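Notes follow once the structure below has been shown.
The values are calculated or read from the model by the stated rules, or taken from the named source; none is laboratory data. Predicted, not measured: the structure shown is a model, and the values here were computed from it. We place every Cβ from the backbone using ideal geometry, glycine too, and count neighbours over all the protein chains shown.
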Amino acid sequence: MELQKFQYDNKTVKMFAYATILWGLVGMLVGLIVAIQLYLPAANLSLPYTTFGRLRPLHTNAVIFAFVGNGIFMGVYYSLQRLLKARMFSDLLSKIHFWGWQLIIVLAAATLIMGKTTGKEYAELEWPIDILITLVWVVFGWNMFGTIIRRRERHLYVAIWFYIATFVTVAMLHIVNSIEIPVSFWKSYSVYAGVQDALVQWWYGHNAVAFFLTTPYLGLMYYFLPKIAQRPVYSYRLSIVHFWALIFLYIWAGPHHLLYTAVPDWAQSLGVVFSVMLIAPSWGGMINGLLTLRGAWDRVRDDVGLKFLVVAVTAYGMATFEGPMLSLKSVSAIAHYTDWIVAHVHVGALGWNGFMTFGILYWLIPRLFQTKLYSQKLANMHFWIGTLGIVLYAVPMYWAGFMQSSMWKDFTPEGQLKWQFLDTVTKMIPFYIARSIGGALFLTGAILMTYNLIKTIKVGTFLEIEEDEAPALTSNYQSHSKEHWHRWIERKPIQLMIVSLVVVAIGGLIEFLPVFLIKSNIPTISSVKPYTPLELQGRDIYIREGCYTCHSQMIRPFRSETARYGEYSKAGEFVYDHPFQWGSKRTGPDLARIGGKYPDSWHYNHMIEPSSMAPGSIMPSYPWLLEDQLDANSTMSKIKAMIRLGVPYPAGYENIAIQDMEKQAKQITANLKKDGIETLPDREIVALIGYLQRMGTDIKVKASK
C-alpha cells in the first residue's frame, strides 16, 4: 500500500503550551491573593478593582478557562493530529482559535475587575464575550471535525470520543445558560429567574466541571498516559462503558448543588440518584488509567511526567468519589456552604487538572524542542512541593468545613444558638492561613516548572513542522465478523457527535421541562412584588461587587438556620430575581432576611468599615460607594428589560421609574440624616441600602435570634 507523506503542525501546540504556562501562573497568583484576603482584609487595598468579590471570579475564570482551557487545546492539537494521521484542517482556523481564545481571556480579566459581571458562577462574563466564546468555540469545532473528516486512520481512538463529546456538550451548556436580555453593552439580565435560573445555572455549573474540567482531560489521559508509559490502554471495553455511562449520567447531577433549597424535591432527588451512580463510570476511568501502568511502575519511578499523571488520576478518583458522597442529603446538610466544598473543588483543580497539565508539559516541551528536560531534579522538586501544597491546602479546608458546620448548628442546653456567625469566621483564620501556605507552595512549584521549561526551550531547537507518513484512508474497508460492535460508530464521527448530543441532552430536558411548563412547581406568593427602581439598581451594585461570592440568600429548613436567620426560603420569593442569588459559600452570613434587621445607618457604616459594626469581620470596605454617583440614566433601560422578561411593572412604568427612584433615595438619606450621616441621594451606597433593606421583607418572617 502506498504511503502518503504529510506534516504535523507543532506551532499551534507550542503557542497553547506557552499560554497554558502564562495563564496558569496568573490564575494561581490571583488565587493566592484572594486566599490571603480572607484573613487579611487590608489586602483588599480598599480599591474597587482589588476586592475579594471582584478577584475571586477572576481567579476561577483564569484557572478554568485560561489555564485549563489552553491546556485542553494544547493536548488536543498535539494528540488529534497523531491519532488521525493528519495535519490540522486549517492553519488559519488554528490561529483564529488561539488568538480568539486569548482575546476572550484578556476581555474577561478586564471586565471582571471592572465589575462587569452577570453574577452567575463560572458564567460571569457578559453577553458580548459570550457571543465571542461561541464564535471561537465554533472555530475550534470546525477545525477539529475538518481534521477528523480528512483523517488517514479509520477508527477514532477513545480520546477523540471525549473530545467530540466535550465540543458538543460545552456548546449546548454555554448557549442555554447564557441566554440573556442585553440592557447595555456591558450589562444584561438572565432570561431565567429564581428556581428556573438556579436549575439552569447548576446544570451548567456542574457540567462545566464535567465537560470542561473532566471529559477533555480524560481524553488527554487516554492519549498521554499510555504514550508516556509506552503501554496500551488496559481495557478497550472498559473505555467504551466509561465514555457512554459518564456522558449520560453526568448531565443529570446538577441539582445536587441545590439540596434543601427552594428547588422542587423531585429535582433534588433526581440529582442525588444520578450523582451516586456517577461513581461507577468515574472510577472505571480511573481504574483504566492506573491499570494501564501494569508492568510500568519502574518508569513511574524514573519519569517525572508519569509521577504527575499518576497523582492526577488518583486525585480524579478521590474527587469523583467525594462528589457523589457530597450529593447525599445527609452529607450535604453538613458540607454545603462550608469550606469543605472549597477543599473538594481544589482536590480536582490542583490534583487532577493541575498535575495532569504539568505532567503533559514535562513530556511535551522536550519533544517539541528536540532535547532533554533541563533538570529532572527541579521537576522532582516541583512534584513534591506541589503534592505538599495540595495536602496543606485541602486538609485545613476539610477541617474548617467540619468546624463551620458544627458551630453553625450548635445549640446551648437552653436551646439557644451557641455561636454568633462572626465567631465561626474568626475561628477559621488559622485554617485560611494554612490554606494560603499550601497555595503558595503550589504556585512555587509552578514557577519552578516554568524556569525548568524555559531553560529546556533555550537549549533546544523547535520542531515546527514534523514529518510523518501513513496509508491513505480508503473507502473499500471490509469489516471482520469478530470485530467489536462499537467499531461501527468509531468510524462515523458525525454520527458519534449526534448520538453524544442526544445522550447529554436527555437529562437536561427531563430536568427543565417540568419546572418550566408546570406552574405548580413554583407556587407564587401574592405579597412578592417586583423590585423598585432603586432596589434594582442596588441589586446590580451588589452583583457588581461580587457580594454573592461570600453571602448566600437561601435559608434552608434546618432548625439552626431558621433560628439564626428567620423563616426558611420559598420558591415564590425569587420569581423576579434575574439572575438568582442563592450563593454557594457562606464566608459571611446569609442575607435572605437582612431587610429591616438593622437601621440604614448600620449598613452605611458597615460598608465604610465593616469591623466598626462587626468587630473581627474579614469583609473588605467599600468607600467608593459613598462617593460614586449612581447611573440613573440606565434605570429606564433596566426597567424595560425587566418588563420584557415578564416582570409585572405597570404599563409605561419606565417613564416614571426615575421619579420613584429619587423619592425612595431621599427617604433613605433622610433616615441617615437622623443618625447624623450626611450623604446625597444619588450616591451608590443609597441604592445598595435600598436593596439590602428589601431582602426578605415580602413575606411574614418569624422572629430570629
(request) Sort out for me the helices (runs of 4 or more DSSP H) sitting completely within segment 333-417 that have 2 or more residues that are among the small types (Gly, Ala, Ser) and buried (at least 19 other Cβ atoms within 10 Å of the Cβ). (result) 376-409
(request) Can you tell me which residue within segment 119-138, out of those that are of a type in the set (A, V, I, L, M, F, W, C) and surrounded by fewer than 17 Cβ atoms within 10 Å (Cβ to Cβ), is nearest to CYS547 (Cα to Cα)? (result) ILE131
(request) Can you tell me which residue within segment 622-661, out of those that are closer than 24 Å to PHE185 by Cβ and of a type in the set (D, E, K, R), is surrounded by the fewest Cβ atoms within 10 Å (Cβ to Cβ)? (result) ARG644
(request) Please specify each residue of segment 139-156 satisfying the condition of being of a type in the set (Phe, Trp, Tyr) and crowded, with 22+ Cβ neighbours inside 10 Å. (result) PHE140
(request) Of the conditions (1) touching a helix residue (DSSP H, G or I) at 6+ places or on another chain (Cβ under 8 Å); (2) more than 12 Å from THR532 (Cα to Cα); (3) in the same structural domain as SER569 (by TED's automatic domain parsing), ILE699 clears all except one; give me its number. (result) (3)
(request) Tell me which residues, restricted to segment 501-533, are within 30 Å of TYR653 (Cβ to Cβ) and β-branched (Val, Ile, Thr). (result) VAL515, ILE518, ILE522, THR524, ILE525, VAL528, THR532
(message) Just to be sure I understand, how many residues within segment 16-31 are in contact (Cβ under 8 Å) with a residue 40 or more places away in the chain and crowded, with 19+ Cβ neighbours inside 10 Å?
(response) 10
(message) Within segment 623-705, considering only helices (runs of 4 or more DSSP H) that don't extend past its boundaries, which have at least 1 residues that are within 21 Å of TRP602 (Cβ to Cβ)?
(response) 624-627, 657-674, 684-694
(message) List the residue pairs whose Cβ atoms are under 8 Å apart, where the first residue sits in segment 439-460 and is closer than 19 Å to ILE385 by Cα, the second is acidic (Asp, Glu), and the two are 6 or more positions apart or on different chains.
(response) none
(message) Among the residues that make up segment 232-253, is at least one of them outside any loop (DSSP other than H, G, I, E, B), within 22 Å of the chain's Cα centre (by Cα), hydroxyl-bearing (Ser, Thr, Tyr) and within 30 Å of ILE510 (Cβ to Cβ)?
(response) yes
(message) Quick test for you: out of PRO610, PRO599, PRO557, PRO623, pick the one residue that is modelled with pLDDT of 95 or more, of a type outside the set (D, E, K, R) and more than 30 Å from ASN44 (Cα to Cα).
(response) PRO557
(request) Kindly indicate which of ILE522, ILE541, ILE510, ILE506 is among the aliphatic types (A, V, I, L, M) and closer than 25 Å to ARG54 by Cβ. (result) ILE541
(message) Name the single residue that is surrounded by the fewest Cβ atoms within 10 Å (Cβ to Cβ) among those in segment 548-576 being outside any loop (DSSP other than H, G, I, E, B) and in contact with a Gly (Cβ under 6 Å, 6 or more places away or on another chain).
(response) THR549
(message) Condition (residue is within 30 Å of the chain's Cα centre (by Cα) and either in a loop (DSSP other than H, G, I, E, B) or free of Cβ contacts under 8 Å to residues at least 24 places away in the same chain (or both)) applied to segment 532-542: is it met by at least one residue?
(response) no
(message) Scan segment 212-224 and tell me whether some residue there is in the same structural domain as ARG294 (by TED's automatic domain parsing), aliphatic (A, V, I, L, M), at pLDDT below 95 and in a helix (DSSP H, G or I).
(response) no
(request) Restrict the check to segment 394-404 and report whether at least one residue is touching a Ser or Thr at 6+ places or on another chain (Cβ under 6 Å) and in contact (Cβ under 8 Å) with a residue 24 or more places away in the chain. (result) yes
(message) If I filter segment 574-590 for residues that are on the phi > 0 side of the Ramachandran plot and in contact with a Phe, Trp or Tyr (Cβ under 8 Å, 6 or more places away or on another chain), do I get at least one hit?
(response) yes
(message) It is to be established whether one or more residues within segment 425-437 are within 30 Å of ILE72 (Cα to Cα) and not polar (S, T, N, Q).
(response) yes
(request) Take TRP283 and decide whether it is surrounded by fewer than 18 Cβ atoms within 10 Å (Cβ to Cβ) and aromatic (Phe, Trp, Tyr). (result) yes
(request) Test ALA400 against the criterion of being in contact with a helix residue (DSSP H, G or I) (Cβ under 6 Å, 6 or more places away or on another chain), under 30 Å from LEU306 (Cβ atoms) and among the aliphatic types (A, V, I, L, M), and give yes or no. (result) no
(request) May I ask you to verify whether LYS529 is part of a loop (DSSP other than H, G, I, E, B), more than 30 Å from TRP161 (Cβ to Cβ), at pLDDT 90 or above and of a type in the set (Lys, Arg)? (result) yes
(request) Would you mind telling me which numbered condition in (1) over 28 Å from the mean Cα position of the chain (by Cα); (2) modelled with pLDDT of 85 or more GLU490 fails? (result) (2)
